[in-house]
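The structure is given below, and queries will be raised subsequently.
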Amino acid sequence: MRAGSAPLQEFASLPILGEKETGHLRHMRNVLWLEDGVWGPIANNDYTQLGEFTAYYYQLSGMAHALAQGYHHHLTAAPGVFKADMDRVVHKMLHPDVWSYWFAVSQGSPSWNPDLKGPQTPWWDPVVKENIMYSGHLNHVAALYAYLFDDAKYDRVGSMRFDGFHANGFGSTVAEYSLTTLNDLIYWQMVEH
């Protein structure tokens, strides 16, 4: 099932890409344009999203890197071929399936933090603190989109929105960020730690 229309340009019609490259790009496009909440071949059952190869944010950011490389090194004159797919990566990274694991994981574990004597009070906002793997990948993918396509879409406050209701039913709590506020947040977390 598709959530919307993938961009019209078909990779196979681009002579600069080989059959293997075209196949990889088509596979990524097929995954990215699945209906929200449907993950197809990248689906996993790891509720913690900590798997090095299975976590959605790792897989999605890997797709963003491949799309960026394809655009930058092979088809710089054809931003329309890649822009919608890159935007879709950010869209997918903002889906609760990708980040709602954080409430459970934010309680911590002595195996990750030996100084921890017991569980911390959990929080659901996946970027506000202590989650550099997700927040860093989201920041990087949104920044790649902005840089490659000279598009300030993610510079608007609220362009990156996390709805607590959709993450384990935390009521109507919402956290909104922009690329700038996310950058600042990550920077100050680094300074403080």
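The values are calculated or read from the model by the stated rules, or taken from the named source; none is laboratory data. What you see is a predicted model, and the numbers here were worked out from it, not measured in a lab. We place every Cβ from the backbone using ideal geometry, glycine too, and count neighbours over all the protein chains shown. Accessible surface areas use protein heavy atoms only, side chains included; no ligands, DNA or RNA. Shrake-Rupley method; radii C 1.70, N 1.55, O 1.52, S 1.80 Å.
What pairs come up if the first residue lies in region 146-165 and is hydrophobic (A, V, I, L, M, F, W, C) and surrounded by fewer than 14 Cβ atoms within 10 Å (Cβ to Cβ), the second is at pLDDT 95 or above and in a helix (DSSP H, G or I), and their beta carbons are under 7 Å apart, counting only those six or more places apart or on different chains?
ALA152/ALA146; VAL157/THR181
For the structure I just gave you, tell me whether MET133 is open to solvent by less than 50 Å² (accessible area, probe 1.4 Å), in contact (Cβ under 8 Å) with a residue 60 or more places away in the chain and closer than 25 Å to LEU50 by Cα.
So MET133 does not fit the description; no.
Those residues that are open to solvent by less than 20 Å² (accessible area, probe 1.4 Å) and touching a helix residue (DSSP H, G or I) at 6+ places or on another chain (Cβ under 6 Å), I need them from region 29-69; list them, please.
Residues satisfying the conditions are ARG29, VAL31, LEU32, ILE42, TYR56, TYR57, LEU60, SER61, MET63, ALA64, LEU67, ALA68.
Of (1) among the hydrophobic types (A, V, I, L, M, F, W, C); (2) surrounded by fewer than 19 Cβ atoms within 10 Å (Cβ to Cβ); (3) part of a helix (DSSP H, G or I); (4) touching a Leu at 6+ places or on another chain (Cβ under 8 Å), VAL128 satisfies all except one. Which?
Result: VAL128 passes all but (3).
Considering SER111, SER172, SER178, which residue is at pLDDT 85 or above and not aromatic (Phe, Trp, Tyr)?
Answer to the check: SER178.
Could you please find all residues in region 52-78 being of a type in the set (A, V, I, L, M) and closer than 16 Å to HIS137 by Cα?
ALA55, LEU60, MET63, ALA64, ALA66, LEU67, ALA68 - these are the residues of region 52-78 that are of a type in the set (A, V, I, L, M) and closer than 16 Å to HIS137 by Cα.
Let me confirm something: among VAL89, VAL98, which residue is open to solvent by less than 70 Å² (accessible area, probe 1.4 Å), in contact with a Leu (Cβ under 8 Å, 6 or more places away or on another chain), closer than 24 Å to ALA143 by Cβ and modelled with pLDDT under 95?
That would be VAL98, the only listed residue that is open to solvent by less than 70 Å² (accessible area, probe 1.4 Å), in contact with a Leu (Cβ under 8 Å, 6 or more places away or on another chain), closer than 24 Å to ALA143 by Cβ and modelled with pLDDT under 95.
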